[in-house]
């Protein structure tokens, strides 16, 4: 008996050892290969790939075709799963690998038409053009990697089949980038609802003039079901991306200083694009070199052209323009004209097409997508929840040529003002601010977007009436009328998602001025002597005046709401607070929790506060809320203060301020205990980089990176932004890299990555920069041959 037991235990041990050995072998097979020699078909000569200590590849090739083919190969071995997820999101194909829970996401993206538009664009491409030749070579490199190497772990876990990447996938992902800027999608429904259901007095806090144009004031008043459907659509537009745990582009800081203001006498460029955090991070860094071309670039999945970059002669950074390039249009139908909409007195048929969405573990779903003369009908994806009124979406992306790949390909080579200006003209959507400098001493900023003309008097912040000319677009403004500056006399240019000063104000959904004002004040305070170190310190600044100016009108009412000495001491801390957000502070925790409660107390009765479907939740996800709240608190006569559900009495600002204060204290005590000393910002405000598989336990412990206490907050220079709502706050977006380039030494440029270069779990570069980035430290982005050679850790040769 004992012998049988021992044999059984020995057999079990052998099985465990074999299983562990197989698991180790399985994982090792999937790690990126950064040493040795590998074949790559289509090369005309050997490409050398030298990897530095951070896993950044430095590629040297005999020509550009070889360079981009090799880039595709090395990009794929670090980020193939990210590429797959990005194209599936953009094309509405996530449910095929993730199951029915992603059907709402797929329906939304099918309704946007990115898939169809990308197919149309690529069918018309002139593949003889250099940018498209680069794309073809790059995609070939990706496809060769996918065909010849073991697929990433996620492919095995999810059962993802091999499928070649195509130019249409690249253009669909570029469309997703444009969609991620589309604040109108979230903002216009809730502003229109406030206007049409509550009235113009309620709009005052949003600083929007009362305009009668729009669906509700032309006899096409939307029903309650319509408003509920639009609210759900606004929420879905953001939840769709969060469910997939993929980067969403949100905002940015960038500034450029002329040599007259720097210690080195050459321009200095600083930039930190704000993008939602995920694993892997959005940017893939690579240093490309071929005869006549060199660039250290930051690349997005499936694009051979760097969206950020520099070399020994020039460089640039980006922020989001935030211009309004989407209009939502309420169409008019009636029972006598089925399948038609009324446009300027004529009944016009809707066009439709069917698409099939494959669903893992469930039958495929067939959907019918409709289009009016104004654009795609987008609310039908909600099915019975849509409401009876079709809502069309007009979008610059769908109505312009938008040669964005060619624009960035040319920008990667633009070493003069004229060349850079010419390149950015090709960026039609999304709207981007391009800040640029070169070693010759030039600095510039161009607001790059194709700006539509709209009929006089039409306010694009509201839903428009499809029966009238309100939704017409008479034409496009010439690029020369876009906001822009070249070599201004003051010697600096700054962009931080605020509304840019221009002779012709551009409609948009801009961020509050506070972050831009903080940057401007610091830039003006030091007229000369700027260094890389000083620029880095400004990128890490955690202070603005948003909190203090929001609190100032109601501090007396807050003090009156204090129930005891402890609460009075807490309010004293708020009164003395300078608006900074360090991890050891209590004041920012108090402020943001109180502001969240105040929003619910003041607006919940008008807009609804039900989790998952309320108007308050929809409003919280817009930039409009932060613009509105300081105005609301400064206006004791605002109708928002009176609660509609208490008809027998009239509440005042003081009533709501006090109720929000007590509710905030109760919430913080329930989370962190009764001692306010434990309510620190670092305890309430944390950062976790989430992998698509890490949204579910226990895989979150395996694939995610974090959590850690996080400094910064919404709308401070170190914009580690938390969602607008109750504590605890998981940071959603922030600096996706912090680059600083002094053009006296461009080969010593500094930067960082929020997690690491590699998206392959188990790779040393999966998360090796996470703590460095959180501390605000940086590393050198090696550019010179001497520096690259001194820091080579591994060398890979790709041969024909």
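Rundown of residues vs (1) under 25 Å from residue 717 (Cα atoms); (2) in a helix (DSSP H, G or I), yes/no style:
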| position | (1), (2) |
| --- | --- |
| 552 | yes, yes |
| 555 | no, yes |
| 559 | no, yes |
| 570 | no, yes |
| 578 | yes, no |
| 584 | yes, no |
| 588 | yes, yes |
| 593 | yes, yes |
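Being surrounded by 20 or more Cβ atoms within 10 Å (Cβ to Cβ) and out of contact with any strand residue (DSSP E or B) (no Cβ under 8 Å at 6 or more places or on another chain) is the filter here, so list the residues in region 746-760 that pass it.
Those that are surrounded by 20 or more Cβ atoms within 10 Å (Cβ to Cβ) and out of contact with any strand residue (DSSP E or B) (no Cβ under 8 Å at 6 or more places or on another chain): 756, 758, 759, 760.
Only one of (1) modelled with pLDDT of 95 or more; (2) closer than 17 Å to residue 203 by Cα; (3) under 24 Å from the mean Cα position of the chain (by Cα) is not met by residue 639, so which one is it?
Exception for residue 639: condition (3).
Which fully enclosed helices (runs of 4 or more DSSP H) of region 51-122 have 3 or more residues being closer than 19 Å to residue 761 by Cα? First the steps, then the outcome.
Numbers: elements: 64-91, 95-98, 103-112.
Helices (runs of 4 or more DSSP H) meeting the threshold: 64-91.
Yes or no: residue 740 closer than 14 Å to residue 770 by Cα and in contact with a strand residue (DSSP E or B) (Cβ under 9 Å, 6 or more places away or on another chain)?
Working: closer than 14 Å to residue 770 by Cα: no; in contact with a strand residue (DSSP E or B) (Cβ under 9 Å, 6 or more places away or on another chain): yes.
It is false that residue 740 is closer than 14 Å to residue 770 by Cα and in contact with a strand residue (DSSP E or B) (Cβ under 9 Å, 6 or more places away or on another chain).
Return the residues of region 138-191 that are closer than 14 Å to residue 303 by Cα and outside any helix (DSSP H, G or I); say none if nothing qualifies.
Result: 165, 166.
Being out of contact with any helix residue (DSSP H, G or I) (no Cβ under 6 Å at 6 or more places or on another chain) and closer than 30 Å to residue 603 by Cα narrows it down to one residue among 631, 669, 643, 653; which is it? Explain how you work it out, then say what you get.
Working: 631 fails: out of contact with any helix residue (DSSP H, G or I) (no Cβ under 6 Å at 6 or more places or on another chain); 643 fails: out of contact with any helix residue (DSSP H, G or I) (no Cβ under 6 Å at 6 or more places or on another chain); 653 fails: out of contact with any helix residue (DSSP H, G or I) (no Cβ under 6 Å at 6 or more places or on another chain).
The unique qualifying residue is 669.
Here's the yes/no breakdown for (1) under 27 Å from residue 773 (Cβ atoms); (2) without any contact (Cβ under 8 Å) to a residue 12 or more places away in the chain:
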{"site": "604", "(1), (2)": "no, no"}
{"site": "632", "(1), (2)": "no, no"}
{"site": "651", "(1), (2)": "no, yes"}
{"site": "657", "(1), (2)": "no, no"}
{"site": "660", "(1), (2)": "no, no"}
{"site": "677", "(1), (2)": "no, no"}
{"site": "693", "(1), (2)": "yes, no"}
{"site": "704", "(1), (2)": "yes, no"}
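Any chance you could count how many residues in region 144-167 are surrounded by fewer than 22 Cβ atoms within 10 Å (Cβ to Cβ), under 28 Å from the mean Cα position of the chain (by Cα) and more than 21 Å from residue 761 (Cα to Cα)?
Going through region 144-167 one residue at a time, the tally reaches 4.
If we keep just the residues of region 660-703 that are surrounded by fewer than 20 Cβ atoms within 10 Å (Cβ to Cβ) and in a loop (DSSP other than H, G, I, E, B), which is nearest to the chain's Cα centre (by Cα)?
Here the residue is 696.
If you take the residues in region 767-779 that are out of contact with any strand residue (DSSP E or B) (no Cβ under 8 Å at 6 or more places or on another chain) and not in a helix (DSSP H, G or I), which one is nearest to residue 38 (Cα to Cα)?
768
Quick check: is even one residue across region 54-64 surrounded by fewer than 21 Cβ atoms within 10 Å (Cβ to Cβ) and either farther than 29 Å from residue 118 by Cβ or at pLDDT below 95 (or both)? Steps first, answer last, please.
Step one: of region 54-64, the residues surrounded by fewer than 21 Cβ atoms within 10 Å (Cβ to Cβ) are 60, 62-64.
Pick out the ones that are also either farther than 29 Å from residue 118 by Cβ or at pLDDT below 95 (or both) and you get 60, 62.
For region 54-64, residues surrounded by fewer than 21 Cβ atoms within 10 Å (Cβ to Cβ) and either farther than 29 Å from residue 118 by Cβ or at pLDDT below 95 (or both): present.
Considering (1) surrounded by fewer than 21 Cβ atoms within 10 Å (Cβ to Cβ); (2) touching a strand residue (DSSP E or B) at 6+ places or on another chain (Cβ under 8 Å); (3) at pLDDT below 95, say which one residue 486 fails and leave the rest.
(3) is the only condition that residue 486 fails.
Answer yes if at least one residue in region 780-799 is over 30 Å from residue 63 (Cα atoms) and in contact with a strand residue (DSSP E or B) (Cβ under 8 Å, 6 or more places away or on another chain), and no otherwise.
no
Just name the residue that is modelled with the lowest pLDDT out of those in region 200-213 that are part of a loop (DSSP other than H, G, I, E, B) and touching a helix residue (DSSP H, G or I) at 6+ places or on another chain (Cβ under 8 Å). Break it down stepwise before answering.
First pass over region 200-213, keeping only residues part of a loop (DSSP other than H, G, I, E, B): 207-213.
Then drop every residue that is not touching a helix residue (DSSP H, G or I) at 6+ places or on another chain (Cβ under 8 Å), which leaves 207-208, 210, 213.
Numbers: 207: 86, 208: 76, 210: 49, 213: 44.
By that ranking, first place goes to 213.
If you scan region 449-483, which residues turn out to be more than 18 Å from residue 343 (Cβ to Cβ) and surrounded by fewer than 17 Cβ atoms within 10 Å (Cβ to Cβ)?
Within region 449-483, 453, 456, 457, 475, 476, 477, 478, 480, 481 meet the criteria.
Return yes or no: is residue 518 crowded, with 22+ Cβ neighbours inside 10 Å and under 26 Å from residue 739 (Cβ atoms)? Working first, answer last.
Values: crowded, with 22+ Cβ neighbours inside 10 Å: yes; under 26 Å from residue 739 (Cβ atoms): yes.
Against the criterion (crowded, with 22+ Cβ neighbours inside 10 Å and under 26 Å from residue 739 (Cβ atoms)), residue 518 qualifies.
So the check is Cβ under 6 Å with 6+ separation or different chains; which pairs have a first residue in region 562-580 that's under 16 Å from residue 551 (Cα atoms) and a second one that's modelled with pLDDT of 95 or more and in a strand (DSSP E or B)?
That search, which allows pairs on different chains as well, returns 579/543; 580/543.
Quick one: which of 512, 488, 500, 527 is under 22 Å from residue 269 (Cα atoms), touching a helix residue (DSSP H, G or I) at 6+ places or on another chain (Cβ under 9 Å) and not in a helix (DSSP H, G or I)? Walk me through it before giving the result.
Values: 512 fails: under 22 Å from residue 269 (Cα atoms); 488 fails: touching a helix residue (DSSP H, G or I) at 6+ places or on another chain (Cβ under 9 Å); 500 fails: touching a helix residue (DSSP H, G or I) at 6+ places or on another chain (Cβ under 9 Å).
The match here is 527.
The values are calculated or read from the model by the stated rules, or taken from the named source; none is laboratory data. Given the structure is predicted, the values throughout are model-derived calculations rather than measurements. A quick note on method: Cβ atoms are made from the backbone with ideal geometry, for glycine too, and the neighbour counts reach across all protein chains shown.
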